[in-house]
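Below is one structure, written out as structure tokens; comments come after it.
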Amino acid sequence: MQAALEREMEIIQHKLDISSLLYDDNREGSDADEDLLADVGFMYDDCLEKVTCEFTYGVTSDTDPTPRVSVFLSYVQDDPGFVQSGHYVWPAAPALCEYMVAHFKELPRGNIVELGAGCGLAGLVFAQLDPSSTIIFTDHDPGVLKTIEHNVTKQSHRPKQARCHTQSLRWGPQGANEVDSIDALQGGTKTDLIVGTDVIYAREIVALLFWTVDRLLTSSSEGQFLMCSSFSYDEDTEKEIDAACSKYGLVRTIVTDTLDTKGTRIQLFVRRDHEE
């Protein structure tokens, strides 16, 4: 089975190489590549070996040691590589969950959007922290969204949790209609909080990511984007983030940074007028 999958990957990579030669228009070429990668994702969905584990955070009270949050999650335990990376729990996700539980009173509530949601851990944690909120899990990979929908059903041990939806989303202008679909799921009301973990994996993705963040926060002067990463960015990527903040009127604050000790970095982005 593994040999067959590796052969399929060689074929797909060959197609990607050809598509890069055939398309002069970068957007069309990129769309073609995404379609091919989506096909690979479907091929791998049934072959990935997954485990189900419980993630717990906080305690109910000083006298009750019951976990405040208990999420059962199905995911790929071993790093599956680039194609199906959304099925893996990257280190930034549990770290952001710990932060949200510890600082929940400081966070906006209402409409919560998780970008590049992967297995949905961060969104599912928030769903238990505030059952009155609406959580929208987004990703460009249909297989990932299917996994999230499965994980949502595994939380029946906690009868009170937020309304959860999944929505396909490509970052950047090509995802404009999908942003409109998110708006519809929110009933036309504003996005209050965006969360993302390990969402920046290349400098080229920064402009697309922040285009989407800006669109989601268009009608929300007090909305926030909370982003956690488990690896540092190079200088060019850092400059790209600063440029995006300048373009969209965002103020960037590093909330925590333990990358030097193999930890994570959490950053908060808010509108400049809200920060003032």
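The values are calculated or read from the model by the stated rules, or taken from the named source; none is laboratory data. Remember, it's a predicted structure, so these values are computed and weren't measured experimentally. Note that we place each Cβ from the backbone using ideal geometry, even for glycine, and neighbour counts take in every protein chain shown.
Under the condition of being within 13 Å of Arg170 (Cα to Cα) and of a type in the set (Phe, Trp, Tyr), which residue from region 198-230 is surrounded by the most Cβ atoms within 10 Å (Cβ to Cβ)?
In this case the residue turns out to be Phe210.
Determine which single condition Thr253 fails, assuming it passes every other condition in (1) at pLDDT 95 or above; (2) crowded, with 17+ Cβ neighbours inside 10 Å; (3) among the hydroxyl-bearing types (Ser, Thr, Tyr).
The single condition Thr253 does not satisfy is (2).
Can Val113 be described as assigned to a helix (DSSP H, G or I) and aliphatic (A, V, I, L, M)?
No.
Tally up the residues in region 109-133 that are farther than 24 Å from Cys53 by Cα, out of contact with any Phe, Trp or Tyr (no Cβ under 7 Å at 6 or more places or on another chain) and buried (at least 19 other Cβ atoms within 10 Å of the Cβ), please.
Residues meeting the conditions: 1.
List pairs: first in region 149-174 and farther than 16 Å from Ile112 by Cβ, second of a type in the set (D, E, K, R) and assigned to a helix (DSSP H, G or I), Cβ under 8 Å, 6+ apart or cross-chain?
Close Cβ pairs satisfying both conditions: Ser168/Glu178; Arg170/Glu34; Arg170/Glu178; Gln174/Arg27; Gln174/Asp31.
Show me the strands (runs of 3 or more DSSP E) entirely contained within region 166-276 in which 1 or more residues are in contact with a helix residue (DSSP H, G or I) (Cβ under 8 Å, 6 or more places away or on another chain) and either among the polar types (S, T, N, Q) or over 23 Å from Ala95 (Cα atoms) (or both).
193-197, 224-229, 250-257
Every residue in region 138-165 that is part of a helix (DSSP H, G or I) and of a type in the set (D, E, K, R), please.
Lys146, Glu149
Go through the residues of region 231-247 one by one and say whether even a single one is surrounded by 18 or more Cβ atoms within 10 Å (Cβ to Cβ) and within 18 Å of the chain's Cα centre (by Cα).
Yes: one or more hits.
Quick test of your reading of the structure: Asn177 fulfils all but one of (1) without any contact (Cβ under 8 Å) to a residue 12 or more places away in the chain; (2) farther than 21 Å from Thr212 by Cβ. Name the failing condition by number.
Evaluating Asn177 over (1) without any contact (Cβ under 8 Å) to a residue 12 or more places away in the chain; (2) farther than 21 Å from Thr212 by Cβ leaves (2) as the failure.
Do any residues in region 194-208 that are under 12 Å from Phe269 (Cβ atoms) and at pLDDT below 95 have Cβ atoms under 7 Å from those of residues that are among the hydrophobic types (A, V, I, L, M, F, W, C) and not in a loop (DSSP other than H, G, I, E, B), where the two are at least six apart or on different chains, and which pairs are they?
If the second residue must be among the hydrophobic types (A, V, I, L, M, F, W, C) and not in a loop (DSSP other than H, G, I, E, B), no pairs are left.
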